[in-house]
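Step one of this worksheet: look at the structure below.
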Amino acid sequence: MTQRSQETVVGRITSVFGVKGWLKVYSYTDPLEGILNYRNWTAVFDGKRIPVKLEDGRRHGPGIVVKLRGIDDRDLAMTYCGADLVVPTSDLPPLPEGEYYWHQLEGLVVESVDGENLGRVSHLIETGSNDVLVVQATESSIDQRERLIPYLPGQVVTSVDLAGGVIRVDWDVEF
């Protein structure tokens, strides 16, 4: 989703769990249990948008299991598998100054400290050691290369201007 979107994906329903309508969810939040703080989700799949309400949820092994209101059997639960779970961005808690949600960075133009346009942030990748900006070429970028740029504020990322739609990076354009 782009930074201008009014909602963001917080997880995905991956499979059913048991026979009473519970579902396994892959959470994109950090920590994983953070997804349980949002009670009103929209399930988006196959071109449909269905409002769903979290009734119960908990950590289960390496993941999350949830019970959605009105889904009380395995067969009905199965129809939700593969759905993205979205919430309004207005429901997200505010972050400390200098920190950003991924959806805020997606769609921003990336420029070198010398002002060269490297492209636009397509999405981010979590690598464990640091997040990585996936920068796709645009018509106005210096070339048509895709770049993977470490998201390291104060080192590689010198500034983020959400209002201006630009991330400045200290990055060799040949790399």
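The values are calculated or read from the model by the stated rules, or taken from the named source; none is laboratory data. Treat the numbers as computed from the prediction; the structure is a model and nothing was measured. Cβ atoms come from the backbone with ideal geometry, glycine included; neighbour counts cover every protein chain shown.
Key figures
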| item | result |
| --- | --- |
| Output for the stretch 55-77, where each listed residue is assigned to a strand (DSSP E or B) and acidic (Asp, Glu) | Glu55, Asp56 |
| Residue under evaluation Tyr80, criteria (1) in contact (Cβ under 8 Å) with a residue 60 or more places away in the chain; (2) in a loop (DSSP other than H, G, I, E, B); (3) more than 20 Å from the chain's Cα centre (by Cα), criterion not met | (3) |
| Within the stretch 110-152, tally of residues that are in contact with a Pro (Cβ under 7 Å, 6 or more places away or on another chain) and surrounded by 15 or more Cβ atoms within 10 Å (Cβ to Cβ) | 1 |
| Residues of the stretch 121-137 satisfying the condition of being out of contact with any Asp or Glu (no Cβ under 9 Å at 6 or more places or on another chain) and free of Cβ contacts under 8 Å to residues at least 24 places away in the same chain | Thr127, Gly128, Ser129, Asn130 |
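Let's see how each residue does on (1) crowded, with 16+ Cβ neighbours inside 10 Å; (2) assigned by TED's automatic domain parsing to the domain that holds Asn37; (3) of a type in the set (S, T, N, Q); (4) touching a strand residue (DSSP E or B) at 6+ places or on another chain (Cβ under 7 Å):
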position: Val66; (1), (2), (3), (4): yes, yes, no, yes
position: Asp75; (1), (2), (3), (4): no, yes, no, no
position: Tyr80; (1), (2), (3), (4): yes, yes, no, yes
position: Glu97; (1), (2), (3), (4): no, no, no, no
